[in-house]
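Report on the following structure.
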Amino acid sequence: MSDEMRVIPAPGTSRPKIGVWLERTEGSSFAVEGMSRLLGFLIEGAARSRCCIFCVAVPPSSAEQARSFLRGLQAREGVDWLVNATAPEAVMQSAAISSSAPAVEESLPAASPDLPKWARLSPRTMGNSILVLGIMSMPLVIIRAMLRPMWRLLWPHLRPRLEVIREAYRHPATGVSFAVGWLDRLPLGLGRRLGRLLQAWIATGEPADEPGSLAAGAREAARPDESEGPIIPPSIADLARKAATSMPVDGWLVLMPYFNAATLLPKPKAVLFPDAIPVEFAAGWTNDYFVNGGFWAEWQARIRHLLADGDPVITFSEHVARRHASGIFGVAPERCHVVPHAPPRLAHLLPFLASAEAPSPTRTLAAEMLRQYAADREWTYLREFPFEEVTYLVVSTQDRPNKNLQVVIEAVRILLRRDLLDVKLIVTAGIHPGLPLDALLGEHGLRHDVISMPFLPDDIHAALFHCAALAVHPSVFEGGRAPFPFSEAVSVGTPCIMANGPHVQELISEVPELRDAVFNPYDPEELAQLIRSVLQERASLLERQTSILQVISERNWGQVAADYVAVIMGKPPQTSPPFSLA
């Protein structure tokens, strides 16, 4: 067995090895929103409870990125987790051939005959060619100098577009959604066809080819028969087959229900089902997303394909098990297992915190972390921002139809313009030019009062919560029974208020004392009033919520991980109540 496939068991124990299936294509990012965070919580919980060893299956190009992320956890590589890099057969055979070839000692290896002609030129010839090209480019340099005054006039208009392009390069899935939005707004439907191709590309992880092209024919010939389910891209199918044969695990955990290449993995396995937000909030997307070939149409087909395999399904709450898994996708109640999350805490990420309170010295230290991070990211407005002195609200969430960011923005507008309350709002969602959220801020003149700080690392995320006067979670629907921002904020000394919804109702059924921190998600006036009230009695609410957090923290991530292992092995979860539709 290779080094990266070897597990070092803890002395005197025999912990089952659970494979984690992350359906990532070559070159894609390992960290995808909440998925990697959930995996981190599970690995840390399993490290404490010693219930299993998680073996994460990723393509070779993502292996180092995965290890880098996992090494930041409170868990030991090779003991509590390992990354089993899998690769398609062609890649593995190529690696085997190159490793078995005899070493040749040469001071300057000969150029491969497979290289193009220009790559086999001598250094002198190459230098002369570059000189000629430089002389030929001089007219372009002159034209550039002549156009510079015009460029200065155009730059303010071009810059927001270039920022979107840069964001698309760094986060392709986000970039595609921007591009599709722009294309949909073109007159006469001129951009609709290209938008559909982009949606298909992000859905499959591969370029979408024009129907009838030679490339499309070649791809179609290489794909599995669609009669057995939706298309599984060949590269992902190869990864799954390789993982099935090369990873000696006792069971599999499939992290998302649309990772339907998991049908190629051996049983036992269990499928996580976080939610079906696109179906619950279908009005948040255009019809093109749901017609044949649309992003969410493909998403639903892949989920039905995987769920038809008959594996047990794990949800985080009863309302998702009832409304989505059973109600929408028809999963039998006996296959559904509700395993609630444990509350995540962030205090360990800020070692200078002595307690859950937020005295001035610790806020100053946290603010210095935020300013340094802003300088590193070149966020000019925030380089000298006095986080420890400004009264600001924090909303830690993405910009999605269920997240309801608009109600907080309207509440902040009321507080600023009518009540003359000096307050700012910092969100972790991206605010991008040309999209509705940015237009809303421009309409009300709030661009410097509502600030975006997206893609924060965990310690900076904790610092942002710690310096905040109040955390607000406006979402009307979450897959869990309690929003993560509540426990995250309270754990570092910041109270939190939450919008009412089925997830919050499940939490209130356990701790009714939280009712005074819940607001109507559709009433910005009520939210503004609650914010004013909480800011006046912040210490009292924080004290109550700290006691509540201690109560719900009796459930830990070790119990969650152990319940996952039990479901994978065909047993009922030990610390979670059984689910029924009654």
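Working ranking of peptides 543-553, 253-263 by packing, defined as the average number of other Cβ atoms within 10 Å per residue, highest first, is 253-263, 543-553.
Here K424 is the anchor, and the lysines within straight C-alpha reach of less than 24 Å, apart from those fewer than 8 places off in the same chain, are K403.
Bridging of K267 to lysines at a Cα separation below 18 Å is possible for K17, K242, K571, once same-chain residues fewer than 8 apart are set aside.
Solvent-accessible area per residue in region 328-470 equals 42 Å², computed with a 1.4 angstrom probe and all protein chains kept. Taken one residue at a time, the phi angles of region 66-79 give Karplus couplings (6.51, -1.76, 1.60, θ = phi - 60°) of 5, 4, 4, 5, 6, 5, x, 8, 8, 7, 9, 5, x, 10 Hz. Gly and Pro are set to x.
Solvent exposure of S49, expressed as accessible area, is near 50 Å², computed with a probe of 1.4 Å over the protein chains only.
The values are calculated or read from the model by the stated rules, or taken from the named source; none is laboratory data. Just so you know, these numbers come straight off a predicted model, no measurement behind them. No Cβ is skipped: glycine too gets one built from the backbone with ideal geometry, and neighbour counts run over all protein chains shown. We work out accessible area using only protein heavy atoms, side chains counted, and drop any ligands, DNA or RNA first. Shrake-Rupley method; radii C 1.70, N 1.55, O 1.52, S 1.80 Å.
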